[in-house]
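Notes to accompany the following structure.
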Amino acid sequence: MSNKELEPLQDPGLPAHAHRKADHDEAAANRAERQVAILFLLSALGTVLFIYSYIFIENNLYIYIPILGNQHAQQLFLGLGFAIALFFIGAGAVHWAKTLMSDTEVIAERHEMRSSDEDRAAFIATVKEEAGAVGLGRRSLIKRSLALSLGLVGISPLLLLRDLGPLPEDALNKTTWDEGVHLVTDPGNRRLRPEDLEVGAVAHVLPEIEHPEHRSLNSIAKDALLLIRIRPEEFRLDAEKLSWTYQGIIAFSKICSHMGCAVALYEQTTKHLLCPCHQSTFDVPTGAKVIFGPSARPLPQLAIKVDEEGYLVAAAPFNQAVGPSFWERKK
Amino acid sequence: MRAARERVAGSVANFVDERTGAAKFLKKSLNKVFPDHWSFMLGEIALYSFIILLLSGTFLTFWFVPSQEELIYNGSYVPLKGVKMSAAYASTLDISFDVRGGMLMRQIHHWAALLFLAAMVAHMMRVFFTGAFRKPREMNWIFGVALITLGIVEGFLGYSLPDDLLSGTGIRIAQAILQAIPLVGTYAAFFAFGGEFPGLDFIPRIYTVHVLLLPGIMLGLITVHLMLVWYQKHTQYPGPGRTEKNVVGYPLLPVYMAKAGGFLFIVFGVTAFLGAVASINPIWVFGPYTPTQISAGSQPDWYMGWLDGLVRMSPPLESHIFNHTISWNILIPGLIVPGIMFTGLALWPFIESWATGDKREHNLLDRPRNAPSRTAVGAMAITFTIVALINGGNDIIATHFSLTINQIMWATRISIFVLPPLAYVITKRICLALQRADRDLVLHGRETGRLVMLPHGEFVEIHEELSPEEAWTRTSHEQLAPIPAAGIDANGVRAKGVLKDRIRARISKGILQEQIAKPTAKDKLEIGDGHH
């Protein structure tokens, strides 16, 4: 192959500049000027609308607008005024640039980013000279001790962050539930008897505490329970787990074992619990086994019984940590 | 009048220059040339929406109370009167219902955030598909990737601040991801939240991060990003008169300045319009956060949706080793896959130049079809993200299209492996087909649809030859050859690092071998001006 064969097409160069009407026609230029001015004036009207809406439209006025539905009038017209005011300044400026400002394309030369060889050589020489003068190359003791202290000084700010929070210790394994703690409804804070719950029903439950009005979100985030009643013969549980139920009533932690969302959707017909966050699906009769979705563990089951007055109470604390997994979690 | 004005301007300029010597720099800068193309506006939109975010966000801070202390709401939104909620949530309600223009500003802020992320992603795609990230602009690409990453975090923290039921659920999920990190996760979560979830410290802490730390870092990065664009001069699309050595466009003053400044107002105006008519994040509908409640169809903002989709489609994997738990179902979709994606993204310029062996400076952009393998990789990444995003909305899709969650979940679980490679192959084929079409166009001209009957009865269609400018635009790109396989020399001695070289030669062959030769001057001569 000769070079001729590989020769590309020729660059015809920048095409000749095509002039716009307003460049040579004074009338067109004047028209363009008027158009720009109209756009700017529209913007001014927008600001007037904005000020009017702010001062004169009542805060409790709602108006019906097709498609949008009922709208808060003040916020709608404030917004529209603001939008008009801003948009038309921009539209005017762009129209001005496009019709009246010079549209001649300019060519500028580029230069390679790399410095010239002399500059690079001079730079390297300077660095060598300076480094030599400081004596970093020879004085290795200084170099190493400096590296050590620079490395260590980074620890201080990290250490300062230590007091951001307490150490986890055993906190994640503990909940308020313990033997004899009453189950109360959430909301309502009423104790529950087994007969309050029909077959197929579900109740949202928290542990009874002395001052329910001061119940912290931290405790709710671990204590929340789902109480579900099905027919006792529908359970497919081992003897121990079955003994944790009471007359077909079974209690699960409501906090998803995947990422801690509230497992709040119960499908009565299929007896499935569904977490709306990531769709982990738990099967109630088999002890909330995961039948679909990303969760790797069943919801922890709480052992329940009734006390001498006939109210539902916890028979024991949870036998495992509730909520999402963590490194120290025991199997 | 005019003379007086000029005298004032002159003395101001004189004052500044005598004290800073700025005239030399300004003279050069004001004549700085910027090439013009609609796709160069995408980065501008990102910049302007960032400015809108700073302005509207500052307004919101005047009323927002970053505190999780509980109080009883007594504002003007009647349905929540008397409800116990955090000060953060109550103050967000106050901004929405009791501060005039507060709702508008909240909605502008949220719309601008969505626009900011969307514009950054679109801008990144433009830079990727046109090869603008190549030497000497690799550093700026990395700054861009950092900005997108920070932007996603910043957006998430922002919509977490109101402490409503939806955002609280998002924080719960973020806490679970943090807690799932092996070895240090539990400690990290306890430090971040000041103890157990949700605690009282998280909102005040992320508030500082959201309004000070991250915007500060982003502002710094944006400044450097723009200074580099300025200093390295903007890339330009290939075309007549445009070379690697020049830049063709409009001078900064007045045209570019007027257009860019005007465009800032247009973007602000459009955002304000959206804020006025399109309700977004109606936190009063969700109610205050409590760990025991949740709304069905919980959805994050779009830029987090793909992450949520990955978490949703993850198989239920968890290991227990020596009494410790490793949650692969959280770690893989929540940290490992995104980590690989963003690292790969940041390193892409270096990966590409290693694979093609091209270490030269590039100021002319590629037309995506002329870099088929890169375009195909991009299409693959987009497909992956879209499949994940679809699964992130699986509950919404299920109710709207009468499908089951299980069908969508399994479809996306399979698609996420099958579709990206398929997208690679199809995109590459499309690129090569477009190259072929370019070649045909240059050699044979455009079909005019005019049929002519020749004297001997044959019908031919008249083809109109492309103008030299159009032909040049389609042929000015260069076509690299694959790196030759290095290896065993004449004496049969294996060169050092030969395996690495062989892999590289193989990859380079995969990327560069298949190309449609662009027409040369000789091809064109041979064809002549025939009517075919």
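The values are calculated or read from the model by the stated rules, or taken from the named source; none is laboratory data. This is a predicted model, so every value here is computed, not measured. Counting neighbours? That spans all protein chains shown, and the Cβs are built from the backbone with ideal geometry, glycine included. The area values use the complete protein model at the heavy-atom level, side chains included, leaving out ligands, DNA and RNA. Shrake-Rupley method; radii C 1.70, N 1.55, O 1.52, S 1.80 Å.
Worth a mention:
- For region B:438-452 and region B:194-238, distance of Cα centres in Å: 51 Å
- Accessible surface, per residue, of region B:36-327 when the full set of protein chains is kept, probe 1.4 Å, Å²: 37 Å²
- Residue pairs, from the table A:21/B:259; A:254/B:84; A:222/B:84; A:128/B:359; B:428/B:509, whose Cα atoms sit over 23 Å apart: A:128/B:359
- Overall form of chain A per C-alpha gyration tensor (a/c, 1.5; a/b vs b/c): oblate
- Inter-chain neighbour count for B:196-209: the average number of beta-carbon atoms from partner chains within 10 Å of each residue's beta-carbon is 3.
- For region A:168-190, residues shielded by at least 10 square angstrom of accessible area compared with the chain on its own, probe 1.4 Å: A:168, A:171, A:172, A:186
- All lysines inside 16 Å of residue B:245 as judged from Cα atoms, apart from same-chain residues fewer than 8 positions distant: B:32, B:135, B:233
- Positive minus negative residues near residue A:22 (Lys, Arg vs Asp, Glu; Cβ under 13 Å): 0
- Hz values of 3J(HN,Hα) by residue in region B:357-364 - Karplus curve (6.51, -1.76, 1.60), Gly and Pro given as x: x, 8, 10, 8, 6, 10, 10, 8
- For residue A:302, the residues 5 or more places off, or on other chains, whose built amide H falls under 5 Å of its own are A:251, A:252, A:253.
- For region B:339-404, trypsin sites (Lys or Arg not before Pro) are listed when DSSP marks them as loop and at most 16 other Cβ atoms sit within 10 Å of their Cβ; the list is B:359, B:360.
- Accessible surface calculations at 1.4 Å, restricted to protein heavy atoms, place region A:1-95 at 64 Å² per residue.
- Rounded, prolate or oblate (a/c below 1.5 giving rounded, otherwise prolate when a/b exceeds b/c) for region A:173-314 by Cα gyration tensor: oblate
- Candidate aspartates and glutamates - alpha carbon under 20 Å from residue B:500, same-chain residues fewer than 8 apart omitted: B:352, B:358, B:489
- At least 20 Å² accessible surface lost relative to isolated chain, residues of region A:192-235 (1.4 Å probe): A:213, A:217, A:218, A:220, A:221, A:222
- In order along region B:434-441, the phi-based Karplus estimate (6.51 cos²θ - 1.76 cosθ + 1.60, θ = phi - 60°) of 3J(HN,Hα) comes to 5, 4, 4, 4, 4, 4, 4, 4 Hz; Gly and Pro are listed as x.
- Rounded to the nearest 10 degrees, the inclination of helix A:117-134 to the longest alpha-carbon principal axis of chain A is 60 degrees.
- Area buried, chain B against chain A - accessible surface, total, 1.4 angstrom probe, square angstrom: 8700 Å²
- Helical contribution to [θ] at 222 nm, DSSP H n ≥ 4, -39,500 (n - 2.57), averaged over chain B, rounded to 500: -20000 deg cm²/dmol
- Table column - 3J(HN,Hα) (Hz), region B:282-295, Karplus curve with 6.51, -1.76, 1.60, x for Gly and Pro: x, 4, 5, 6, 6, x, x, 6, 9, x, 9, 10, 7, 9
- Folded to 0 to 90 degrees: helix B:87-97 orientation relative to chain B principal axis, Cα: 70 degrees
- Less than 5 angstrom separates the built amide H of residue A:286 from those of A:236, all sequence-distant by 5 or more or on a different chain.
- Partners of residue A:289 within straight-line reach, counting aspartates and glutamates whose Cα lies under 17 Å from its Cα and excluding those fewer than 8 residues away in the same chain: A:234, A:238, A:240, A:267, B:318.
- Per atom type, the protein assembly as shown shows carbon and sulfur on 65% of its accessible surface, probed at 1.4 Å.
- Environment charge of residue B:298, counting only residues whose C-beta is closer than 10 Å and scoring Lys/Arg +1, Asp/Glu -1: -2
- Net charge of neighbours whose Cβ lies under 12 Å from the Cβ of residue B:262, counting Lys and Arg as +1 and Asp and Glu as -1: +1
- Under 5 Å from the amide H of residue A:62 lie the amide H atoms of A:73, each residue being 5 or more positions distant or on a separate chain, with H modelled from the backbone and absent for Pro and chain starts.
- Degrees, to the nearest 10: A:26-56 long Cα axis against longest axis of chain A: 30 degrees
- Distance between region B:42-72 and region B:278-317 - C-alpha centres, whole angstrom: 21 Å
- Residue-averaged beta-carbon neighbours from other chains (10 angstrom radius) around B:246-253: 4
- Considering only A:21, A:241, A:305, the mean-square fluctuation computed in a Gaussian network model of chain A, springs between alpha carbons under 10 angstrom, is largest for A:21.
- With an a/c value of 1.5 or above and a/b larger than b/c for the gyration tensor axes a ≥ b ≥ c computed over the alpha-carbon atoms, the protein assembly as shown is described as prolate.
- Note on region B:36-327: with charges restricted to the Cβ of Lys and Arg (+1) and Asp and Glu (-1), its dipole about the Cα centre is near 920 debye.
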